[in-house]
Amino acid sequence: MINSNTLETFSELERLQSEIKRLKRKNYQLESKANSYRKKYLRYHAFFEISSDPFYITTYPGPPTENYPNPRDYLKQWKIIEVNNTATQIMGYSKKQLTSLSLGDIATHNAPKSKQTRSIIKELVNPIEKGQMFSIERDHIDRRGNKIEVEIKGQAVNIGGIKYIASLSRDISDRKKLEKEILKSYRLEKHCRQVLQKEIANRIDFTLALIHELKSPLTPILSSSEALLSREEPDSLNAELARNIYHGAKSLNACISELLDLAKSEISGLTLQRTSLLLNPLLSEIAGELTPYIQSHRQELILDLPEQLPAVLADPERIKQVLRNLLNNAVKYNREKGRITLKAGERDSLITISVHDQGRKIAQKDQLNLFKPYFRCSQDRARTDGLGIGLALSKQLVELHSGEIYIRSVRGKGTTVIFTLPVFSNTGRTSGK
């Protein structure tokens, strides 16, 4: 006979069986979730370990109080709770040893305390409090006491309602070494530049003083010799002597003037008095001026000009100076009884002026240096006079006119020096011979 106690027992068994089934279902669900979390953990852990840079997860104690002892003591509150294998390999600790330390144990600061405090708050704490990524450079000390310069980038992460800091530490020792070398090189270059500028200034001062000393005695020599010429009979011996003195002094005065102009060009002191200039009359004037000098060297000057040339915006005296230099050089280096051709033309809104002689070819290595101050071709140094500044000064003057100057030299055909000037106006054309 089934009594009430037996019924209660059956009822309890049924309830327990039902509870067991419910618990089994729940355990299955929990096991599924655990497996899912385990897979996620393994996946994220693989990413964590695959990094070639040390990876740290630390606690975050919050912003420092106003009077915390020092930055290192504050960083000791940043407990290391997880690291990857790379961190252990680079730092020389085991994972267990590293996770018993704090950032204050492995980081070092060489700056004064006040500067460290400002740096930590500005570069580390403020970005964290704003939910931003931080980037800060520090030195880490490995287990052997070696300093490693690192760049630390990281951000706060919330795990279970607790804020942690995940950060990547990259070795920047090589970059820092390179930056120091670059800075050292820059400082050396700056020092050398300052020394060079001082030397240039000293040389210019010396040149200007020398020019002044040379110019002073030349003035009475020129004026006195000119006065003597006017008093003596043209064919007398005294007139010939006075003429030699005058021409020698005048030549020396021209060399000194060129030296002065070159010194001015080095300090950007050369100036131009530009005007709208018609080149035909100017070129004819220069040809007439230098023809007697050229003929005295048993050479011939040929003037090859078009009937019309457009106007240029130029300083006439400076253009004459360039032409005198080029024609004088042509006379010096021309062959005996050779021809010199002064030619001009227009092309592509440029006036091209050239001086051609029939002298020897200039070696290619010398052509590269012809427009440098004080340079003269090796084969001509013994047989020609001059300071070697004419072409250098001509280059400066042509470039001040926004033109170019260059040289062509061919064996058996001679040498041509060419310079260009930009056309000023397409309407300002004139006829000339």
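Here are some notes:
- Charge tally in the Cβ shell below 12 Å around Pro316, where Lys, Arg are +1 and Asp, Glu are -1, Pro316 excluded: 0
- Using R0 = 45 Å, the C-beta based FRET efficiency linking Thr275 and Arg175 works out to 0.15.
- Amide H contacts of Leu101: Ile80, each under 5 Å away and 5 or more positions distant or on a separate chain (H built 1.01 Å from N in the peptide plane; Pro and chain starts excluded).
- Accessible area (Å², per residue) of the chain, counting only protein heavy atoms and a probe of 1.4 Å: 63
- Surface share of carbon and sulfur [accessible, 1.4 angstrom probe, percent] for the chain: 53
- Largest to smallest accessible area among Met133, Met91 [probe 1.4 Å]: Met133, Met91
- Within the chain, helix-based [θ] at 222 nm, where runs of 4 or more DSSP H residues each add -39,500 (n - 2.57), nearest 500: -17000 deg cm²/dmol
- Taking the Cα centre of the stretch 180-301 as origin and assigning +1 to Lys and Arg Cβ atoms and -1 to Asp and Glu Cβ atoms, the resulting dipole is close to 1000 debye.
- Rounded to the nearest 20 debye, the dipole size of the chain about its Cα centre is 2120 debye, using +1 on the Cβ of Lys and Arg and -1 on the Cβ of Asp and Glu.
- With a Förster radius of 22 Å applied to the C-beta separation of Arg298 and Arg243, the computed FRET efficiency comes to 0.65.
- Farthest toward positive dipole pole in the chain [+1 Lys/Arg, -1 Asp/Glu at C-beta], among Ser257, Ile57, Ile319: Ile57
- Per-residue 3J(HN,Hα) values for the stretch 26-36, derived from phi via the Karplus relation 6.51 cos²θ - 1.76 cosθ + 1.60 with θ = phi - 60°, read 5, 4, 5, 5, 5, 5, 5, 5, 4, 4, 5 Hz in sequence order (x marks Gly and Pro).
- The mean of 1/r over all distinct Cα pairs in the chain, once inverted, gives the Kirkwood hydrodynamic radius of 31.3 Å.
- Per-residue accessible area (protein heavy atoms, 1.4 Å probe) orders Lys365, Lys76 as Lys365, Lys76, starting from the largest.
- Around Ile20: net Lys/Arg minus Asp/Glu count, Cβ-Cβ under 12 Å: +4
- Between the residues Ala201, Ala34, Ile405, the greatest Cα displacement towards the positive end of the dipole of the chain, with unit charges on the Cβ of Lys, Arg, Asp and Glu, is found for Ala34.
- Sorting Ser100, Ser284 by accessible area puts them as Ser100, Ser284; the probe is 1.4 Å, largest comes first, and only protein heavy atoms count.
- Approximate spin-label separation Ile182-Ile204, in nm, with each point projected 7 Å along Cα-to-Cβ: 3.2
- GNM result for the chain, Cα springs below 10 Å: residue of Leu323, Leu13, Leu400 fluctuating most strongly: Leu13
- Lys/Arg +1, Asp/Glu -1 at C-beta; the stretch 104-241 dipole; positive extreme among Leu228, Leu214, Tyr164: Tyr164
- Size of charge dipole - the stretch 155-252 - debye, nearest 20, with Cβ of Lys, Arg +1 and Asp, Glu -1, no other charges: 1300
- Distance in nm between pseudo-label sites at Lys153 and Gln367 (7 Å out along the Cβ direction from Cα): 5.4
- Local electrostatic count at Asn334 - Lys and Arg +1, Asp and Glu -1, tallied over other residues with Cβ under 11 Å: +3
- Between 0 and 90 degrees, the angle of helix 279-296 with respect to the longest Cα principal axis of the chain falls at about 60 degrees.
The values are calculated or read from the model by the stated rules, or taken from the named source; none is laboratory data. Everything quoted here is computed from the prediction, not taken from an experiment. Neighbour counts run over all protein chains shown; Cβ positions are idealised from the backbone, glycine included. For accessibility, only protein heavy atoms count, side chains too; no ligands or nucleic acids. Shrake-Rupley method; radii C 1.70, N 1.55, O 1.52, S 1.80 Å.
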